[in-house]
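Below is one structure, written out as structure tokens; comments come after it.
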Amino acid sequence: MKATYIAAQGGTDQFVYGEIPEPAIAPDEILVRVRACGVNRLDVFGREGSHGVRMQSPQHVLGLDLAGEVEDVGSYVAHTKRFKKGDRVLGVGSGGTYAEYARAPMDRVHLMPDWMSFEEAAAIPTVYAAAWRAIVVRARITFGEDALVMAAGSGVGTAAIQIAKYAGCRVLTTASSDAKLEKARALGADIGINYKEHPEFSKQVLEHTGGAGVDLIYEHIGQSVFDQCYRSLKRGTGRLVTNGVTSGHLTQLHLGQLWTREVSLIGSTMHPELDLPAIMKGVARKALRGVVDRVFPLKDAAEAHRVLESNDFFGKLVLVP
Ligand SMILES: NC(=O)c1ccc[n+]([C@@H]2O[C@H](COP(=O)([O-])OP(=O)(O)OC[C@H]3O[C@@H](n4cnc5c(N)ncnc54)[C@H](OP(=O)(O)O)[C@@H]3O)[C@@H](O)[C@H]2O)c1
């Protein structure tokens, strides 16, 4: 099959588009004929070998998200009758989705709505699994709260804005440009803050909340914004849920303010097998949509990574084999 793999960890010049063997599936996996796959920031970390991500094999195929048609099912999946050849599915694969075929554990895959394109479907799984776990499960978002979503134009940010609106909240969000904030408003965000213009964005957050701060912050940038996020939390109810460290993982924490202001810091990763069922209900109701910025042919994965690293996009970049 055709795939785009990396020959070694490094720059975008490490991508090779070529033939590799089709993956073999385990009893609880399905083989998907990939029609579209989403590009995640994690793929960039995997390509670079940064943020502690190590390469798994000499011809390592990146990619987690997939949308496509079921090609084959493992013996256990066949026994459950949950999927059959030809089903249109989306999900978080077992890795290696930058390819014509990829495997995925059956509990991380769902039937996609008839009306949805493969490109939109591929923009959903990882970012919604991450944002849902953080906001709904870990930080327990509550109707009517003020929620601050960091980096409106990031994949996880576009998911988080929609989840917080779905939960009946007022959404404040940050971005590096007014153009991204305009798109965030079209997605449902109530208040946009340009954090290049306002590096001390906590002042804007306090202004928009009558000096109180927000109840919930969905944070995934890390080091460069932690202090300003911490200052944006509301006394008593403020929860900062952290789900990524794109800009770095070290920070200083004023412990005194943690307990005197009774705010909470929460860590969150993703468990698509637990959270995709609830997410897919919101998707079916069209309350949660995949936000596709641009689609690239699979052989141009290097170009997609260059665009991702430029941060000049809103939502998801998608590859099509
Ligand atoms: N397993 C999990 O729990 C899980 C799953 C998915 C994602 N994550 C984490 O969540 C984070 C976001 O992932 P994503 O795929 O949604 O990212 P993404 O789409 O690539 O978006 C990242 C955005 O962050 C902003 N940003 C701020 N400072 C930055 C910096 N120093 N370098 C790069 N970008 C910076 C940029 O927006 P502006 O232009 O507005 O600044 C950028 O567009 C990553 O750290 C990822 O590892 C975790």
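The values are calculated or read from the model by the stated rules, or taken from the named source; none is laboratory data. Keep in mind the model is a prediction, meaning the values are calculated, not measured. Note that we place each Cβ from the backbone using ideal geometry, even for glycine, and neighbour counts take in every protein chain shown. Calculation scope for accessible area: heavy atoms of the full protein, side chains included, ligands and nucleic acids excluded. Shrake-Rupley method; radii C 1.70, N 1.55, O 1.52, S 1.80 Å.
Net charge of the neighbourhood of H305, taken over other residues with C-beta under 15 Å away and scored Lys/Arg +1, Asp/Glu -1, is -3. In terms of the mean number of neighbouring beta-carbon atoms within 10 Å, the peptides 228-236, 21-29 order highest first as 228-236, 21-29. Subtracting the Cα-Cα distance of T142 and N194 from their residue separation scaled by 0.36 nm leaves 16.1 nm. Projected label points at W115 and Y17, each 7 Å from Cα along the beta carbon direction, are separated by 3.4 nanometres. When the convex hull of the Cα atoms of region 127-267 is projected onto a plane and the area is averaged over all directions, what value comes out in nm²? It is 7.2 nm². Surface composition of the chain: carbon plus sulfur atoms contribute 51% of the solvent-accessible area (1.4 Å probe, protein chains only, all chains present). Amide hydrogen proximity for D72: with H placed 1.01 Å from N in the peptide plane, the residues at 5 or more positions away or on another chain lying under 5 Å are L31. If the reach is capped at under 26 angstrom between alpha carbons, list the lysines near K316, excluding any in the same chain fewer than eight residues apart. Result set, ordered by chain and number: K2, K165, K180, K183, K196, K281, K286, K299. Under 5 Å between amide hydrogens, built in the peptide plane, is the criterion, and for L265 it picks out L240 among residues at least 5 positions away or on other chains. Computed from the Cβ-Cβ distance with R0 of 56 Å, the FRET efficiency linking D227 to A7 stands at 0.90. Taken over the Cα atoms of the chain, the convex hull encloses 124 Å³ per residue. Take the Cα pairs of region 1-143, get the Kirkwood Rh, then feed it into Stokes-Einstein at 10 °C and 1.306 mPa s and tell me D in µm²/s. D = 101 µm²/s. Let me test this: with uniform point scatterers at the alpha carbons of region 109-155, what is the Debye-based log₁₀ I(q)/I(0) at q = 0.15, 0.16, 0.29 1/Å? The computed values of log10 I(q)/I(0) come out as -0.54, -0.60, -1.10. Helical runs assigned H by DSSP (4 residues or longer) give the chain a calculated mean residue ellipticity at 222 nm of -8000 deg cm²/dmol, each run adding -39500 (n - 2.57) before division by the residue total.
Packing-based ranking of 118-125, 13-20 yields 118-125, 13-20, ordered from highest to lowest mean Cβ neighbour count within 10 Å.
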